[in-house]
Every structure is written in C-alpha cells, then in structure tokens.
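Participant: Dropping the structure in here first, questions after.
The values are calculated or read from the model by the stated rules, or taken from the named source; none is laboratory data. Everything numeric in this text was worked out from a predicted model, so none of it was measured. Using ideal geometry, Cβ is built from the backbone for each residue, glycine included, and neighbour counts are taken over all protein chains shown. Side chains are part of the model used for accessible areas, which takes the heavy atoms of the whole protein and leaves out ligands, DNA and RNA. Shrake-Rupley method; radii C 1.70, N 1.55, O 1.52, S 1.80 Å.
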Amino acid sequence: MSTVQMLNLVLIVILVFIVLLGLVAVLLIFKMRRKENGSSKQEQISVKAKEEKANLITRTGKAINSIYKFMEFDEVTDNMIVRKNRKQYVMVIECKGINYDLLSEEEKNAVESGFTEFLNTLRFPIQLYVQTRRLNLNDILEQYEKRIENINDQIVKINSQIEMARTRGDTATVERLLFERRRKENILEYGLSIEDYTSKISENQNILQQKTYIILSYYIEEYGNISNYSKEELNDIAFTELYTRTQTLIRALSSAEIVGKVLNSEELAELLYVAYNKDSAEKFTLKDAMNAEYDRLYSTAKDVLEEKKARIEKQIENEAADLAAKSIIKADEITRMERQKKVKAKAMEMVEEYKDELSGKVYQEAVNQVRTANLNEEQKQTNATQQVYRKNV
C-alpha cells in the first residue's frame, strides 16, 4: 500500500469520525430542547392547574376556589350566555304556544304542517328546555293595587269637579260627570273583585307554570382563526350569528302559531337563577337577591384601621374644642378682672375729685357704694362665665 492510499484511508476515517460527532451533537441538542419544552409545558400546566384550583385569595392569604368553577357558564352579556372560556355562546328563545287540545281538526292540521316546516328549516342544532316554576302573583297583585288607587284618585277628582259645576249651576256638566263617576265606580268594583279573586288564587302554592325554551349554541371555532380578535369583537361575531339564527327560528315558529321571543340578559339571569335555585326561587326571587346585593362577593364595610383613625381624629377635634373654650373663658375672666380694677380706680378718682364738696359722711358712703357695686358686678360676671362654661362642656 502506497503512502497516498494510506493518507486517503486516514482522511476517510477522519471524515467518518467527524460525521459521527455531528450526529451525536445533533441528537444531544434535540434531546435538550425536548426536555426544555417538556418542562415548560409542565410548568404551564401546573400554573394553569393552580389558577383553576385556587384563583381567589382571602385576607389571611388562604386560597379558595372560585364560584365560576362550580357554575357552568362564564358570564351573561349582550343577551348571551358565555361558556367554556368564550368558546361557546348561547342564546335562548322563549316560546308561547297555544292550547292544542282546544283546536279543531283543521286548525290542528295547520299547526302540524307549520311545525313540520319549522323542522325542515333547521340548519343548525337546537335544544329544547322546559322549566317548571311556581306561579308568583305578587307582581300582578301590586299592579292591580296601583290601578285601583289610580281609579280612586280619578273618582275623587270627579267629585270635586261635580261640586264646582253645581256651584256654577251647570247642570249639563253635572250630568256628564255623574255618568263618568258611575262608569269609574263600576270599573273600581270590577277591579276589586279581580284583585280579591287573584289574592285567593295566590294563596294556593301548588299552581305551576311551565315554560318552554329553545336553546341555540354557537361555537366560536366555526368562524375560523380568532387569535387576533379581542373579547368585544368575539362577542359581536357571536351575537350577529346567533341573532340571525334566532330570527330565522322565530319566523319559522310563527307558521305553527307559536310566538317566540329572545331573552335579554336580565331574563337569562333569571332563567339561570331558577335553574340553580329550584327550591327557593319562588320564595326569594332574583329581584330580591339583587336588591339585597347578594351579587357582591366582597365586603363593602369600611376598613377597621380607617374607622379607628376617624375615631381618633374626632376625639382630637372634641378635645381641641374643649381646650379652646376653656382658654377663651379664662382669658375673658382675666380681661374682665383687669377692666373691673380700672373701672374701680377711675370711680375712686372721680369720688376724690368731689371730696371737698361732699360731707365726710356722704364721701364715705360713696366710697362704700363704689366698692360694693364693683364687687357685686364682678361676682355676677364670674357666675355668668361659669354657667357659660358648663353649657359648653
């Protein structure tokens, strides 16, 4: 074997060794990247699990589960129920049907054919939901009471108009108003009888009301790639599609003499409230819960430290007012005493000026009067000052 052949063989071995080293390096890099991706995914899964497990923190730092983990929907907005982290949007139609048993054969055939047309128009899946509620007549009774009060007020006004017309001697107006009053009184009597009958019915707690709903769902993946859309834009897309579907169904239901109405957000909340509170919904309605602010899952009271700070500031203000009042009273007493001394001195000077013109007895009596008057006045002022101080305290 020549030297050239040996060099070629060594070169080939070196090249094979370099290729093997490259393959080993590629395999090592691939394994390291795979391990890093696996660990990052595991961290994401653990973080997500932690967020799902406990996404609320108490004041003590203890984690608690969110109520939304228990509920099967995220929120109610724009007349839609949002579910599965904005992947599914739901809109509900409330149906008001007819009494099929009271229809004639021809009417029954027409309703059946209309319902068949409704089924043939379906191009998307729907769900039928029937909810049974206890009939609550309290709102109806309140409306009756308001109407009866309104009619009573109208009768009182008519009576005053009749008296005014009689004083003017307008007999035609009196007759017309008397007829109007009799008509209002008949309406009032009828309204009272209806209210009494409705109140007796409301006493029976076994009156049930059955409502039928059509539920339409729209999955946002049907639209395509949604990664670049915001939350508001996704809501608009889902609302447009669901509104079009609901209007199509409502028109199709009208051929079967069924009236449909899309539930708004408040009605959807009531529907969900009754579904989750079947036993207590008729006693404690959604309206009562909202008025009681049961939707607020946080404390609205003031912070304890803030209240304590306010009490301290109030106490400081009261003590400062007392100190200011005492200081003013004390200063007023000192000023009054100095003034009394000056007045006494001035009076004595005046008495001294007229000493030569007065007899000794009169002079002495005048001096005594000045001294006594000053002492009595000083005592009165002191007593008045003390009384004022007691009232302020």
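Participant: Calculate, for the range 70-118, the solvent-accessible area per residue in square angstrom, rolling a 1.4 angstrom probe over the heavy atoms of the protein chains.
Facilitator: 61 Å²
Participant: Now for a different question. Could you give the accessible area per residue of the range 156-251, probe 1.4 Å, as a whole number in Å²?
Facilitator: 69 Å²
Participant: Applying a 10 Å radius around every beta-carbon, put 87-97, 150-160, 316-326 in order of their mean neighbour count, most first.
Facilitator: 87-97, 150-160, 316-326
Participant: Cα gyration tensor of the range 69-211, axes a ≥ b ≥ c as square roots of the eigenvalues: rounded (a/c below 1.5), prolate (a/b > b/c) or oblate?
Facilitator: Prolate, because a/c is 1.5 or more and a/b exceeds b/c.
Participant: Something else about it: For the range 65-137 and the range 309-349, write down the distance between their C-alpha centroids in whole Å.
Facilitator: Between the Cα centres of the range 65-137 and the range 309-349 lies a distance of 81 Å.
Participant: Sort 208-221, 253-266, 161-174 for me by packing, meaning the mean count of neighbouring Cβ atoms within 10 Å per residue, highest on top.
Facilitator: Top to bottom by mean Cβ count within 10 Å: 253-266, 208-221, 161-174.
Participant: Using amide H atoms built in the peptide plane, which far-off residues or other-chain residues are under 5 Å from residue 134 H to H?
Facilitator: 209
Participant: Oh, and also: Chymotrypsin sites (Phe, Trp or Tyr not before Pro), restricted to the range 158-198: which are DSSP loop and have at most 15 other Cβ atoms within 10 Å?
Facilitator: Of the chymotrypsin sites (Phe, Trp or Tyr not before Pro), not one in the loops of the range 158-198 has a Cβ with at most 15 other Cβ atoms within 10 Å.
Participant: Follow-up. Could you look at the range 141-272 and say what percent of its accessible area is carbon and sulfur, using a 1.4 Å probe and all protein chains?
Facilitator: That share works out to 49 percent.
Participant: When the dipole is taken about the Cα centre of the range 78-213, and only Lys, Arg (+1) and Asp, Glu (-1) are charged at their Cβ, what size is it in debye, to the nearest 20?
Facilitator: 720 debye
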